[in-house]
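Structure first, then comments.
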C-alpha cells in the first residue's frame, strides 16, 4: 500500500482522482445539509452501511431514498466533515474502491466506498473513536510509574486492588456484561480501555471454562486468522484450529493481563429495570455471596445461541437409556460399546458422532433436513482465504482490513458475492459431495446456493465444517437415518416413518433457541418479547423469517428495551462489533447525545 | 521501505548497485574459499560481527587480518552463499548501509553491512534459522486438530499432559535452564518452538515472582518498546514503564500460553558433569520431591547479576539496627519513622531511598563513587528514541529491525556512536546536573563520556535512570554522604573520614558479583574458575578489566566449560540473544556439527 504522502506528489491516477472528487462533492452536499443532493450521488441500487457514526445504530439504508431519509434525520447533529482518502483508490471491473477517514461532531471514523458509473454502489461508515475519549495507546499509553517522588502516590497494583475491592460494592459499574465467554471478554477489554467501569459476570470457575468444559475433541472450526481478539493477537506459532483447552487458557490469560473486572463463579439470578433511578437491578450470586449490581447498561453476552432446543417426545419416561442435549455431552468416554443415536446433522452432531466412533461406539446420525457441508481445506482456501489466511496477511490484509472489507459488503447482496465461491467449491469437491449423497446424506448449499456464511448470518445453523466425520458417513462407519424423531420405546427412538433406532444413549444435537430466551429467564417473558428475536437478517429463508432487517437482529445495537444490549457471535464478530457496542456504551457513559436513527422494530416475539 | 520486487524494475540507485556488487564479489571470493581476497574487501579499520552463522560463536573479528583468519578457519565447512539485498541500500555521510540475507550449508541468515570507500567498515552476519529445523509458524504453524477421524488420535491437551507427566521422569530434557525470570522464559519459549525438550527450573512459586517479590514501588526503568518478549508483544495500551506486578502477570501468562515446561517451586541444589554419559546430573528439589535431571546442556539464567555483594564491616555484631542487601529489601513499610542509611548510589539505591522518603523515613544515601544519572525523558527521547519508541515504530523500525541495528554496531566503536547522545543530554539537562552536583552528588558520564549503555555493557552498574529520587537529593530531602563505609557502632555506620551516620536500618545497595558465582554454588569453585568472569567487554575501564574481548564475556556463547551456558541480561538482550543461544542448542540437539571459531579464553577466574 502506498502512503498518503506518496499520493500528494502529483502522481494521482484516474481512479484516485475520481474517488477524491466524489468524496469532496459528497462532503460538500452534506455540509450544506442537502440530503437530496447527497442522495443523488448514490446509484439507483445502493447501500450505505453505517456502524454507529451517523445513526448511533448498526444500520444499512438502501438506494437514494433510504440515504436521503437517513441524512435528513442525522446531518444536522452529526456534522460529518474531513473526508480524506487514506490510500490510492483501485479500479477493477469498472468498480472503484476507495478507503477513507472522516470526522463527525463527536468522533472520528473510517470507511470504504465502491463507485460504479460515478455513483456510490456501497458505502461503509464506521465510527473509530470519540473525540476527547480516545483509547490511551501508542504515544498516549499510560506511563505506568510516574518519575517523581510523591508520598501519596499509589502503585499500579494498589490502584488495581482498590478497584477490585470497591467496584460492585462501594462503587457501581456503568455496564454489566452477563456472560464471560469470548464475547463478554472482548467487549470487556474494549470498555476497560475506554474507561467505562464494567463488571463481567460468569458462572464458571475460570475464564475459558465455557470452552474447557466441552467434550475433549473440540477445536475451533474457524482458523486462527479469523479468531484474533482485540489488542493481543495470537502469536505466529498458534495452531490453525485452536484446541478448546488452549483457547481457554488464552482467554484466561487475556482476561488477566487486560485487567478485566471478571467475576467468575458468579451467576446473575434476576434483573429488573428500576424506572426511578434509571438503572438495572441485577441480582447476582458471587460464589455464595448475594448482592445487587446497579448498572446503567446491561449486556447479554451469553452466547449467540440461546437456551438448548430439546424435542418433547412421547415415551421418554419409559426409555431405559440416557438422553442429553449436545451442550451437556461429556465426550465419548464411557460409551465405548454403546449404541448411540445423535439427533441432528450440524457441527456438534458431527463432532459428537466422530468422537463416539473413535472410541468404538455404534453410532447413528439422524438427519432431519439437509446440511451444508464444507471441507476444512475449502473453507481455508476458498471461503476465508482472501481475507483471513497467511496469504491475506502476506498481501497486506491484516485483521482490521479484513474486518472492514467484510463489513463493507451489504448483507442484501452478500449472497451474490458468496455464491461464486460455493460454485467453485462444489466443482472442486464434487466427488466428496457425491459420495456423501450416495451414503444417504442430504446436502445443500443454502436456499440460494450462497453457502456457509449466509447460513451462519441468517440462522446460525444448518452446516458442518468437515473435520473428519463426513468420511465416516461416506464409509458407512457412522450410519445415517433420515426423518423426524417422534417417540421413544424402552430401548429405542422412533422416526416418523416407523424406523426404530435402538439406543443406549440419545444425544439431541438440535441447536438452540433465540438469545432473548436468556432475557426471559433473567428478567421476564414480557421483556423478552419486547426485545424480540435475536439474530437473523430477515431474509425470509428457512429459520430466518422476514421482514428484511438488513442487519443482525438486535445484535450490538439499540434494542426496543432501553439500556439492554446483546453481544456475541463468533470470534470475528466478537472482535469487530465489540468496538461499535463499546463506543455506544462509552457515549452513554460520557452523556454524549446518541439519537438513534432507524431503531429496529420487533417482528418476532418468540422466545 | 520498498520491497525487493520494486528493486528489480531497473530503477536501482547508485548506493544499491554498489552494495549489490559488493556482496556479489564478496560471495564470489568466499565461494572460491579465498579468505585473503575476501579480507581485502574490508577497510583497514573494520569489524565483522558474527552471531552464530560463521563461527558458531558470538564473535567480532577486526580488520582484514581478523577477517582473513576467521574465514580461513570457517569457509570450508560453512559454505556461505546466496547473499541478497532485502531492500534498497541507503547512503548517508558517505556511508552506504545495506540489509541482506544469505545462506550457509546448514542455515539461513540475515545481516547489515556499512560500506565506506568501497570496503566494508562494519559487517553483521546473524543466523536466523537452521534448514530443515525451521520454527513451525505462519504457513507452517501446527494444524491444532487434524480434520480426520482416528481412534488413536490424541488431543492437544492429552499430548501436553503426557509431556508434563513424562519430561524429567521417564524422558530426560535435552536442556535444563536454571532460573525462570525473563531470561529463562524467553529462551525456553524459543527452545519450545524449536522442538528442543527443555525444563526451566525456578525456585519461586509462580512465573513472574522474581518481579512480584521485589519492593512495591518497583517498575522497569526501560520503556515498553525495549522490553518485548519474542512471539507475543505487549499490547499498544501497555504502560511505558511496566510496574513489577503487571510484568509478573505477563510473564506468568506468557509461560502458560507458550506451553513452557516450567518447574516452579523447584531449586537446583547441585550439578556435576558426568564424563561417562556426557550429560549433566542436576539434582533438584521440586516442591519437596528430590530428583535428578540428566540434560545434555545446562544454561545458567539466574540473572546477569550474580550473588549479592555484601561489605564485610567490623562491628556489625554490635549494631543494634537492621542490615540487609537491596535484594532483600521488603519495601518502605515499617520504616516510616526510622533513620535509614542506604549504601550505594545506583538504580536500586535511588529507588529504595525514594520509597523510604515517601513514607516519611529519614534517609541518607552513601555515595562511594560517582554515578551516571539520566533523566527518564532523556532516556526515552535521546538514548532510545531512534530505535525503541513510538517514533521508531512509526518510522518503520520495529523491534526486530531495532535489535539488528543495535547488534550491527561493533562494541569496539559503540562508545563513539553513544558519546554524541550524551553530549546532547548533558547540555539539555545542564541545570539538573548542576543542581545535583550542588547537592554534593558526584556525576559522571562514563570513563569516556559514553553514557548509559556502555556502562551497562561493560559493568552492568554505575548508573541511575532518574524516576524521582534525584529531585529529592537536589532538594536535600534525601541526604548524601560521600566515601567508603568502614564499620558499625551500636547505632550508626561510620565512613572512612569518621563521619557517623546514625541508623535504624542499613541497606546495602552494593550490587552483585559475577554470574559464575552461581556456578560455584551449584557445581564447585573449580568449574566456576574454569568458566571465568561473566559479563563485560574487556574495555579496561572501571569494573571491566581487559584484555579486550569484544563481546560480552561468556554470555549466550560457548564457554570454557563444555555444555555450560550463560543467558540473561535486560529484556532486550533476553529477547534478541535468546535466538542465537537457542539455535546453538538446537544444532547440538540435532547433532549438527558446530565447530566453534575463536572460543573465548578466561582471563578472570574471580567469582
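Please treat every number below as a calculation from the coordinates, not as lab data. These numbers come from a predicted model, not from an experiment. Here the Cβ positions follow ideal geometry from the backbone for every residue, glycine too, while neighbour counts run over all protein chains shown.
Annotations
- Calculation over all alpha carbon pairs of the range A:267-328 in 5 angstrom steps from 0 returns a P(r) of 4, 13, 15, 14, 13, 11, 11, 10, 6, 3, 1 percent.
- Hydrodynamic radius of the range A:130-192 by the Kirkwood approach over all distinct alpha-carbon pairs: 14.5 Å.
- The mean count of C-beta atoms from other chains within 10 Å of the C-beta of residues in A:159-166, rounded to a whole number, is 1.
- Largest-first ellipsoid semi-axes for the range B:103-254, taking √(5λ) over the Cα gyration tensor eigenvalues, angstrom: 31, 28, 16
- Residue exposure sequence - B:548, A:565 - by fewest surrounding Cβ within 10 Å: B:548, A:565
- Kirkwood-based shape ratio for the range A:371-451, expressed as Rg/Rh from alpha carbons: 1.03
- Stokes-Einstein diffusion coefficient of chain B, Kirkwood radius over Cα pairs, 25 °C, 0.890 mPa s, in µm²/s: 94
- Normalised per residue, the volume of the convex hull around the Cα set of the range A:152-240 (Å³): 144
- 17 Å tail of the calculated P(r), the range B:491-605, as % of Cα pairs: 65
- Spin-label model distance (nm) - residue A:337 vs residue B:291, 7 Å beyond Cα toward Cβ: 3.6
- Here residue A:562 yields copy-to-copy label distances, from shortest upward, of 8.1 nm, the label point defined as 7 Å from Cα along Cα to C-beta.
- Distance from the A-onto-B rotation axis is smallest for the Cβ of the chain A residue given, in whole Å, as A:253, 2.
- Each pair of Cα atoms in the range B:43-151 enters the Kirkwood radius, and Stokes-Einstein at 10 °C and 1.306 mPa s then converts it into a translational diffusion coefficient of 101 µm²/s.
- For the protein assembly as shown, the share of DSSP beta bridges that are antiparallel, to the nearest 5, is 55%.
- On full extension, the segment bounded by residue A:77 and residue A:543 gains 163.9 nm, given 0.36 nm per residue less the C-alpha separation.
- Given in Å, the Rg to one decimal and the Dmax to the nearest whole number for the Cα atoms of the protein assembly as shown are 33.4, 106.
- Sorted from shortest to longest, the distances between the residue B:395 label points of this copy and the other copies are 3.4 nm, with each point 7 Å from Cα along the line through the beta carbon.
- For the range A:255-294, the calculated P(r), taken from all Cα-Cα distances in 10 Å bins from zero up to the bin holding the longest distance, is 28, 40, 28, 3 percent.
- Rounded if a/c under 1.5, otherwise prolate or oblate - the range B:179-338, Cα gyration tensor axes: oblate
- Simple label model, 7 Å out from Cα along Cβ direction - residue A:377 to residue A:169, nm: 5.8
- Take residue B:420, push a point 7 Å out from Cα through the beta-carbon direction, and compare it with the same point in every other copy: 5.5 nm, smallest first.
- Using R0 = 45 Å, the C-beta based FRET efficiency linking residue B:602 and residue B:205 works out to 0.80.
- Isotropic mean projected area of the C-alpha convex hull, the range A:45-99 (nm²): 4.7
- Averaged over peptide A:148-156, the number of partner chain Cβ atoms lying within 10 Å of each residue's Cβ comes to 6.
- Volume per residue of the convex hull around the Cα atoms, evaluated for the range A:421-488, comes out as 119 Å³.
- If R0 equals 22 Å, the separation of the Cβ atoms of residue B:24 and residue B:87 corresponds to a calculated FRET efficiency of about 0.85.
- Point-to-point label distance, residue A:487-residue A:394, nm (Cα→Cβ direction, 7 Å offset): 6.1
- The orientation-averaged projection of the convex hull spanning the C-alpha atoms of the range B:176-225 amounts to 4.4 square nanometres.
- Counting only other chain Cβ atoms within 10 Å of each residue's Cβ, the peptide B:238-248 averages 5.
- Three-way shape call for the range A:422-559 based on the alpha-carbon gyration tensor, with the a/c threshold at 1.5: oblate
- Rounded to two decimals, the Cα radius of gyration of the range B:256-364 over 2.2 N^0.38 Å is 1.57.
- Shape category assigned to the range B:390-436 from the gyration tensor of Cα positions, a/c cut at 1.5: oblate
- For A:514, A:389, order by how many other beta-carbon atoms lie within 10 Å, fewest first: A:389, A:514
- Relative contact order [Cα under 8 Å, 6+ residues apart], the range B:273-429, whole percent: 11
- At an R0 of 25 angstrom, the distance between the Cβ atoms of residue A:430 and residue B:148 translates into a FRET efficiency of 0.80.
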